[in-house]
Amino acid sequence: MATPNPYPLLVEVDQYIERLFVPRDAVLEESLKAAIVAGLPEIHVSPNEGKLLYLLAKLSGAKRVLEIGLLGGYSTIWLARAIAPKGHLVSLELDENYVRVAGKNLEIAGLRSMVDIRQGAAAATLEKMVKAGEAPFDLVFIDADKDGYPVYLDYALKLTKPGSLILADNVIRRIADTMVNHEKPKPGAPDPLLGGIEEFNRKLAGNPKLESIVVTVTREFVDGLAIARVKD
Ligand code: SAH
Ligand code: DHB
Ligand code: MG
């Protein structure tokens with residue numbers, strides 16, 4: 001279990017923002033309920049982060065979006081709505097059951113025809129996409145296994161073009177946990193939420209082809225969304 005947010009104020013502020021800026025939405029709420037009923041873990045982005053993803057997609061004028069980590073399709077609905085009706089979204093997911101649940105949720109949201117779901121290990125799918133000369137994406141959202149993040153960044157760089165955005169969820173969570181606990185992550189000890197996150201953040205910050213920042217995102221815990229733009 002992650003350390004609960006030790007700053008209740010941040011949770012209240014997050015809830016205040018949600019009440020004002022993220023109106024309740026039956027389609028999104030039903031998609032989360034269907035995911036719970038089907039036994040999926042509740043690890044989707046928060047409503048406020050979904051709205052932020054939606055706005056980033058709109059602000060950047062994205063038309064082609066790549067998502068790595070579909071789960072029940074919650075973030076997918078936010079991103080697909082931002083690029084509707086003409087955009088196209090490709091979402092990668094390992095778990096066959098999640099693919100089924102997300103497919104149904106997208107159907108109910110009226111977005112199924114915009115979304116191309118590719119089942120399998122993301123690294124293998126991404127390799128195939130590069131080899132097949134897949135057209136570049138305007139926005140890549142990385143949100144799958146944290147071990148894979150550094151490799152997903154390499155593929156994201158190959159599958160984008162100048163001006164594209166590369167976003168990544170969960171880039172602060174475990175790092176914030178260790179700050180609260182005043183202990184450093186243990187090298188060698190497996191920690192699925194840390195995974196390759198520190199390496200990913202270093203690679204993102206140090207890549208001369210990118211201009212990047214991390215914005216903190218809070219809910220029951222402190223986390224962060226990485227935002228990078230491929231330079232012109
Ligand atoms: N973006 C979703 C949440 C994704 S959770 C949302 O906010 O709604 C992370 C997802 O990555 C899970 O569904 C998990 O099954 C998937 N995943 C984990 N390892 C993977 C891999 N190697 N390849 C593809 N998907 C993977
Ligand atoms: C986990 C994964 C996520 O992508 C997330 O946003 C929160 C939690 C997890 O694996 O626990
Ligand atoms: Mg996530």
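The values are calculated or read from the model by the stated rules, or taken from the named source; none is laboratory data. Every value quoted in this text rests on a predicted model; they were computed, and no experiment measured them. In this analysis, Cβ positions are derived from the backbone assuming ideal geometry, glycine residues included, and neighbour counts consider all displayed protein chains. What goes into the accessible areas is simple: the full protein's heavy atoms, side chains included, and nothing from ligands, DNA or RNA. Shrake-Rupley method; radii C 1.70, N 1.55, O 1.52, S 1.80 Å.
Worth pointing out:
- Cα gyration tensor shape of the chain, rounded if a/c is under 1.5, else prolate or oblate by comparing a/b with b/c: rounded
- Segment Asp232-Glu96, length gained on full extension (0.36 nm per residue, minus Cα span): 45.2 nm
- For the chain, calculated [θ]222 nm from helices alone, where every DSSP H run of n ≥ 4 adds -39500 (n - 2.57): -13000 deg cm²/dmol
- Length-normalised contact order for the chain - Cα pairs under 8 Å, 6+ apart - percent: 20 percent
- Cα point-scatterer Debye curve for the range 15-90, base-10 log of I(q)/I(0) at q = 0.11, 0.13, 0.16, 0.21 Å⁻¹: -0.28, -0.39, -0.59, -0.98
- Counting only protein heavy atoms and a 1.4 Å probe, the range 8-230 has 50 square angstrom of accessible area per residue.
- Estimated FRET transfer efficiency when R0 is 30 angstrom, pair Gln119-Tyr7 (beta carbons, to 0.05): 0.20
- A straight line joining the Cα centroids of the range 134-152 and the range 204-228 runs 14 Å.
- Accessible surface of the range 128-213, 1.4 Å probe, proportion on carbon and sulfur as whole %: 58 percent
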